[in-house]
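The values are calculated or read from the model by the stated rules, or taken from the named source; none is laboratory data. No experiment lies behind these values; they were computed from the predicted model shown. Counting neighbours? That spans all protein chains shown, and the Cβs are built from the backbone with ideal geometry, glycine included. Side chains are part of the model used for accessible areas, which takes the heavy atoms of the whole protein and leaves out ligands, DNA and RNA. Shrake-Rupley method; radii C 1.70, N 1.55, O 1.52, S 1.80 Å.
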Amino acid sequence: MTTSKAHTAWDGLNDRQRTYLDAIFHEDQAREEAHHADSARTWSSTPARVWRRIPLNSAGSSLASRLRSKGVHDPGAGSTLSALCTRGLAEVDHVPGILSDIVCVRITPAGRAAARAGLGYGPRWVKPRWALSEWLWREFTKVVAAGEDGLQTDQMWHSAHGYLVDGELARGNRPYLCVVVTWEKVNRAYPGEPPRYINRERRRYRLTDTGRAHYTERLADYREIYPEVVAPDVPPEPADTP
């Protein structure tokens, strides 16, 4: 939805409908922020149409509390939501509950744009084409922070491997990392027994030349767009790979 269409959609709402869209929008943004924070720690395949659902009549509903604080949580809620749905600004689902169905509201992209326009937030920020997503950038910085020795492969979220390691086939792959394999001797003997050595594989992520160049060139930009990610300074040139 263009900015003019978004403003037109907002202008076509009455005060009560705007109050509802305002409340739904802020609940949606809180859920989005929480989802991104959780995804940075543990990858989730749950689709957005599921995690963006906002319960209205469940116990402890934050949306109901928000509407109640504005004095508009009343028997007319259904007709107000229906008006938003008719305009394509929201959708309503009914999810089975223990005693009765739970009414869940989900804002649409058009509703999100209208709320941003009407509330003065401006158009949604769009990630530059050169930039990694925030969670991939967070994983990338782990390798940089590990230094020349590299980051053990079990210390980076597994799904990031396909997007960041050179030669992987994930859509949108960036060849910024490589996997270095070394072997070390480990004594598996119990105390008092003669030494019994085995070879143990050690796998680590290191920066490729392309990855180092990207990090060096874009570090200041990343710090601006993802200020909550602690990104170390530009790494030194690596020593010879063992």
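With respect to the stated conditions, V143 fails to be surrounded by fewer than 12 Cβ atoms within 10 Å (Cβ to Cβ), of a type in the set (V, I, T) and modelled with pLDDT of 90 or more.
Does region 191-203 contain any residue that is polar (S, T, N, Q) and part of a strand (DSSP E or B)? The answer is yes; a qualifying residue exists. Return yes when S62 is within 22 Å of the chain's Cα centre (by Cα), surrounded by fewer than 17 Cβ atoms within 10 Å (Cβ to Cβ), farther than 21 Å from D11 by Cα and not aliphatic (A, V, I, L, M) and no when it is not. So S62 passes the test. If you go through region 198-212 one residue at a time, do you hit one that is among the acidic types (D, E), open to solvent by 20 Å² or more (accessible area, probe 1.4 Å) and under 21 Å from the mean Cα position of the chain (by Cα)? No: zero hits.
Residues that are over 23 Å from T216 (Cα atoms), open to solvent by less than 70 Å² (accessible area, probe 1.4 Å), part of a strand (DSSP E or B) and without any contact (Cβ under 8 Å) to a residue 40 or more places away in the chain within region 152-190 comprise V181, E184, V186, listed in sequence order. Check whether at least one residue in region 205-223 is closer than 22 Å to M156 by Cβ, acidic (D, E) and modelled with pLDDT under 85, and report yes or no. No - not one qualifying residue is present in region 205-223. Entry remark, region 1-18: residues being at pLDDT 80 or above, open to solvent by 40 Å² or more (accessible area, probe 1.4 Å) and of a type outside the set (G, A, S) number 8 in total. The residues listed here are I107, I98; of these, the one that is among the aliphatic types (A, V, I, L, M), more than 30 Å from H158 (Cβ to Cβ) and open to solvent by 20 Å² or more (accessible area, probe 1.4 Å) is I98.
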